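The values are calculated or read from the model by the stated rules, or taken from the named source; none is laboratory data. What you see is a predicted model; the values in this text were computed from it and never measured. So basically every Cβ, Gly included, is an ideal-geometry build from the backbone, and we count neighbours across all protein chains shown. Ligands, DNA and RNA are stripped out before the accessible areas are found, and what is left, the full protein with its side chains, is counted by its heavy atoms. Shrake-Rupley method; radii C 1.70, N 1.55, O 1.52, S 1.80 Å.
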Amino acid sequence: MPLDPMPDWVPARRREIGARIRTARRDRSLSQVELGERIGRDHKTVHRYEYGTRVPNLEDLLLIADALDIPLADLVG
């Protein structure tokens, strides 16, 4: 039995969260490589998060928020 298609708002929301990560990273003058080092992921993963092609799990969102010194709610709000 095929899965129901993902609602249209999900990819849009994922891109929005990625844009918030990207903006916060840039505001702190960090490269994707530097953020990746802080959270234990490679820069390609950070790039995928920022452009919404990969979904960060809760643990990664917590690590990103901590590395950027911002509340988690600012990323997902």
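Taking Cα atoms only, the orientation of helix 9-27 departs from the longest principal axis of the chain by about 10 degrees.
Summarise the accessible area of region 21-77 (1.4 Å probe, protein heavy atoms) by the percent that is carbon and sulfur.
Within region 21-77, the accessible surface is 48 percent carbon and sulfur.
In this structure, E34 and V10 have a Cβ-Cβ separation that, at R0 = 25 Å, corresponds to a calculated FRET efficiency of about 0.30. Taking max minus min of the alpha-carbon positions on each principal axis, the chain gives extents of 45, 24, 18 Å, largest first.
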